[in-house]
1. Filter the stretch A:21-51 for residues that are among the hydrophobic types (A, V, I, L, M, F, W, C) and touching a Leu at 6+ places or on another chain (Cβ under 7 Å); which is farthest from the other protein chains (Cβ to nearest Cβ)?
2. Examine the stretch B:63-72 for a residue that is of a type outside the set (Asp, Glu), without any contact (Cβ under 8 Å) to a residue 24 or more places away in the chain and outside any strand (DSSP E or B), and state whether such a residue exists.
3. Quickly run through the stretch A:52-68 and pick out the residues that are within 10 Å of chain B (Cβ to nearest Cβ) and either buried (at least 16 other Cβ atoms within 10 Å of the Cβ) or closer than 14 Å to B:Tyr97 by Cα (or both).
4. Mind checking whether some residue in the stretch B:73-84 is assigned to a strand (DSSP E or B), of a type in the set (S, T, N, Q) and more than 13 Å from chain A (Cβ to nearest Cβ)?
5. Can you tell which of A:Arg31, A:Arg38, A:Arg72 is out of contact with any helix residue (DSSP H, G or I) (no Cβ under 7 Å at 6 or more places or on another chain), of a type in the set (D, E, K, R) and closer than 14 Å to A:Thr112 by Cβ?
6. In the list B:Ser36, B:Ser54, which residue meets the criterion of being within 13 Å of another protein chain (Cβ to nearest Cβ) and buried (at least 18 other Cβ atoms within 10 Å of the Cβ)?
7. Being in contact (Cβ under 8 Å) with a residue 40 or more places away in the chain, crowded, with 17+ Cβ neighbours inside 10 Å and within 12 Å of the chain's Cα centre (by Cα) narrows it down to one residue among A:Tyr80, A:Tyr32; which is it?
8. If I ask for residues that are more than 8 Å from chain A (Cβ to nearest Cβ) and either of a type in the set (A, V, I, L, M) or over 13 Å from the mean Cα position of the chain (by Cα) (or both), which ones from the stretch B:86-104 would you list?
Amino acid sequence: QVQLVQSGAEVKKPGASVKVSCKASGYTFTRYYMHWVRQAPGQGLEWMGIINPSGGSTHHAQKFQGRVTMTRDTSTSTVYMELSSLKSEDTAMYFCAREGLTFYLPYWGQGTLVTVSS
Amino acid sequence: QSALTQPRSVSGSPGQSVAISCTGTSSDVGGYNYVSWYQQHPGKAPKLMIYDVSERPSGVPDRFSGSKSGNTASLTISGLQAEDEADYYCCSYAGSYTGVFGGGTKLTVL
């Protein structure tokens, strides 16, 4: 069965960077795009970006231009999302989610809480 | 991209039907048949309920249905049950491998 296991919670200071991992299993890693979605406390879901695990190409929401980097390691079936220049507004639960056959997300990781505080 | 527009809250009694709207533009909802809907209970990861506007994943009750007209998509839940009480989010493809979510709708079962 498809499983997405994310790294543990992080506490960072403003201006720092955070790197969240998402290890996939139960399917052919390179066959499906992976998305990143975040949710600030008490707020809605926000689409951040997408990576093609096969070739490594990425696309992201304009809002995160210059601050988000998505990478993958095919040897370990793991994708990474690094967010830099952190601000308090980046405090959120970050989810990885595997795409289906088209643009939808049937499988989600458990989430990684990132707290940005001085 | 701007978030898709959803009503903040809807409510209904057990057994009734409710509809949740999701309004975008011709660059997202209106331009592609790639609208999906997610149910989220507190403290949990979202769960896919509808994809490609009106397709239902296996295991999702047929009480849940989706549709689209122009720039507005809708999720309809018929025969409301207590366990349907949750937050619901729409999501649309917005071109160039990007997506956008709606602001979310809180469903209360009275």
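1. Per the criteria, the residue is A:Ala24.
2. yes
3. Listed by number, the residues that qualify are A:Asn52, A:Ser57, A:Thr58, A:His59, A:His60, A:Ala61, A:Gln62.
4. Here is the first cut: in the stretch B:73-84, the ones assigned to a strand (DSSP E or B) are B:73-77.
With of a type in the set (S, T, N, Q) added as a condition, the list becomes B:74, B:76.
The next check asks that each one be more than 13 Å from chain A (Cβ to nearest Cβ); those that pass are B:74, B:76.
Yes: one or more hits.
5. On the way: A:Arg31 fails: closer than 14 Å to A:Thr112 by Cβ; A:Arg72 fails: closer than 14 Å to A:Thr112 by Cβ.
Testing whether each residue is out of contact with any helix residue (DSSP H, G or I) (no Cβ under 7 Å at 6 or more places or on another chain), of a type in the set (D, E, K, R) and closer than 14 Å to A:Thr112 by Cβ leaves just A:Arg38.
6. After applying the criteria, what remains is B:Ser36.
7. Values: A:Tyr32 fails: within 12 Å of the chain's Cα centre (by Cα).
Result: A:Tyr80 is the single residue among A:Tyr80, A:Tyr32 that is in contact (Cβ under 8 Å) with a residue 40 or more places away in the chain, crowded, with 17+ Cβ neighbours inside 10 Å and within 12 Å of the chain's Cα centre (by Cα).
8. Result: B:Ala86, B:Ala94, B:Gly95.
Read-outs throughout are calculated quantities, based only on the coordinates presented, and are distinct from any laboratory measurement. All figures in this text were calculated on a predicted structure; none of them were measured in a lab. Positions of Cβ are backbone-derived with ideal geometry, glycine not excepted, and every protein chain shown enters the neighbour counts.
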